[in-house]
Amino acid sequence: MLIEADGAARLPLKAPAAYEPVLPESATLVIAMCGLEAQWVPLDEEHVHRASLLADLLDLEPGRPIPPEALLRALVLGYHGSVPLHARLVCLFNKADAYPPDAILMEAAHRAPVGVWMGAVGSEEGPIVECLRHMERRPAAVVLAAGLSRRMGGCAKSRSTCTGAPSLARGARWPGERAAAARWWPRRRPRAALGRDVPPAPNGGDRWRILVNPHPEKGIGGSLALGADHAGGRDLIVLLADQPFVTADTIRRLLAVWERNPAVAAAALETPGGTWGPPVVINRSLLPAIGSLTGDQGARAVLQDMGDRVLRVQAVGDEGLDVDCVEDLARARARGMSDH
């Protein structure tokens, strides 16, 4: 669904009013447009819609020519604060066929904090646009580990080992530099294990963050909602701490499918039996729905009716194995030892 959120009174540049843009909460992509004929034009009402607002926004003197690099600042400053957290902002500069972009604007576009496209939407040959700045989607990884381990006789599954490393640390380590992870731990906080087993970030800090679900007994929904609230508006990849055979390659395959299909609701691991589940990458447009989960409702409650909008990535070997009880752990240990 494409929505025109606000107009510019047929002028190439504008400053949005306080009530603009009018966006639905479910918006996933916001395109802020500017006509390139706005380069070097006077900052007045003849050339700019709401020129006085734009002058205040850019701290420019009214009536003076608008430098080309200010066009990018106008779009970013004018719209960035109004974009839903789970949406992406892209700046599109139009009419490049008639008004070539200044070199200064091109340089600024390549360093922009948002995606930038340049081209001619209404050219006689049809839309011709070029991506100057692509912002890769970087999902936030959530490793769920707040269960009470009742079926494990009270033994914390996340600290159990079957292939050489605690399950929680393996989950934290595998997303690598592509994602930040959030963990839940109701009573114990294995910071020492995570600090020992998970390599630090390039800046020397931790790649992980522990979030405590205050009511783990109420089910997985609360943990997922907590993760969605701390995802920073990014796509969400959900992992379970009790899937010991999920590897870095598993995550890479899921993310590769995800990057190739940006409009889908989710990409999930499918077992040989035909069922799908975690690890699963979830589109950021669904963060409000995930954030509303309660009780024992997992992400399946949000995704189950979306049909082919949930892509399935075939599991290799025992990747989909979920350790729920003591017997599962024994089998996982046996398989892990046979593979190492």
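The values are calculated or read from the model by the stated rules, or taken from the named source; none is laboratory data. Note that the structure is a prediction, hence the values are computed from the model and not measured. Glycine gets a Cβ as well: all are built from the backbone with ideal geometry, and neighbour counts include every protein chain shown. Keep in mind that these areas ignore ligands, DNA and RNA; they rest on the heavy atoms of the full protein, side chains included. Shrake-Rupley method; radii C 1.70, N 1.55, O 1.52, S 1.80 Å.
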Rounded, prolate or oblate: which one fits region 229-310, using the alpha carbon gyration tensor with axes a ≥ b ≥ c (rounded when a/c is under 1.5, else prolate when a/b beats b/c, else oblate)? rounded
Ranking ARG64, ARG133 from most to least accessible area with a 1.4 Å probe gives ARG64, ARG133
Sorted by chain and then number, the residues having a modelled amide H within less than 5 Å of the amide H of VAL280, at least 5 places away or on another chain, are VAL238
Karplus 3J(HN,Hα) series, Hz, for region 228-244 with 6.51 cos²θ - 1.76 cosθ + 1.60 (x for Gly, Pro): 4, 5, 9, 7, x, x, 8, 4, 10, 10, 9, 10, 9, 6, 10, 10, x
Where a ≥ b ≥ c are root eigenvalues of the Cα gyration tensor, a/c under 1.5 meaning rounded, otherwise prolate if a/b exceeds b/c and oblate otherwise, region 16-118 counts as oblate
For region 282-298, take each phi angle, set θ = phi - 60°, evaluate the Karplus expression 6.51 cos²θ - 1.76 cosθ + 1.60, and give the result in whole Hz per residue in order, putting x for glycine and proline. 10, 4, 4, 5, 9, 4, x, 5, 5, x, 9, 5, 9, x, 9, 8, x
The extension gain from HIS215 to GLU4, computed as 0.36 nm times the residue separation minus the Cα-Cα distance, is 71.7 nm
Computed from the beta carbon distance with a Förster radius of 35 Å, FRET efficiency for THR294 and ASP59 to the nearest 0.05 stands at 0.15
Amide H contacts under 5 Å for VAL30, placed H, 5+ residues apart: ARG88, LEU89, VAL90
Note, region 100-111: 3J(HN,Hα) by Karplus (6.51, -1.76, 1.60, θ = phi - 60°), whole Hz, Gly/Pro = x, goes x, x, 5, 4, 5, 5, 4, 5, 5, 4, 6, 10
Percent relative contact order for region 229-311, counting Cα pairs under 8 Å at least six residues apart, stands at 36 percent
Express in Å², to the nearest 10, the accessible area of TYR79 obtained by rolling a 1.4 Å probe over the protein heavy atoms while all chains stay in place. 20 Å²
I'd like the accessible area for SER52: 1.4 Å probe, protein heavy atoms, all chains in place, Å² to the nearest 10. 70 Å²
For ALA141, other-chain or 5+-apart residues with amide H closer than 5 Å (H placed, Pro excluded) are ALA180, ALA181, ALA182, ILE237
